[in-house]
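Asker: Below are the structure tokens for one structure; questions will follow.
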Amino acid sequence: MTRTTFNKLREVKDSLPHGSMVAIADELGIAADDVRAFFRGDANMESGYHMEPGPDGGIITLDNTRILEVALRIAWEAKNGL
């Protein structure tokens, strides 16, 4: 389980290059709309995404970090020219 803030998730999303939502979805075998929903905060308890009021847009608890992990890797690769 991982805890972060909504604003930190937005920072990750904003650091992704164009087309990353589809790339993440393809890699994980899920719908691109599910990836977009994750970063909008539309994901629900069934997906292991729990949001509660708090600083920086709210506290997010992630039971499953697969989308975040792939997004962080893609952002790192883009930043480092890989």
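The values are calculated or read from the model by the stated rules, or taken from the named source; none is laboratory data. Everything numeric here is computed off the predicted structure, so don't read it as measured data. With ideal geometry, Cβ positions are generated from the backbone for all residues, glycine too; neighbour counts draw on all protein chains shown.
Asker: Of all residues in the range 25-42, how many are modelled with pLDDT under 90, of a type outside the set (Lys, Arg) and either surrounded by fewer than 16 Cβ atoms within 10 Å (Cβ to Cβ) or in a loop (DSSP other than H, G, I, E, B) (or both)?
Answerer: Qualifying residue count for the region: 2.
Asker: Name, by its number, the condition in (1) at positive phi; (2) in a helix (DSSP H, G or I) that does not hold for Gly57.
Answerer: (2)
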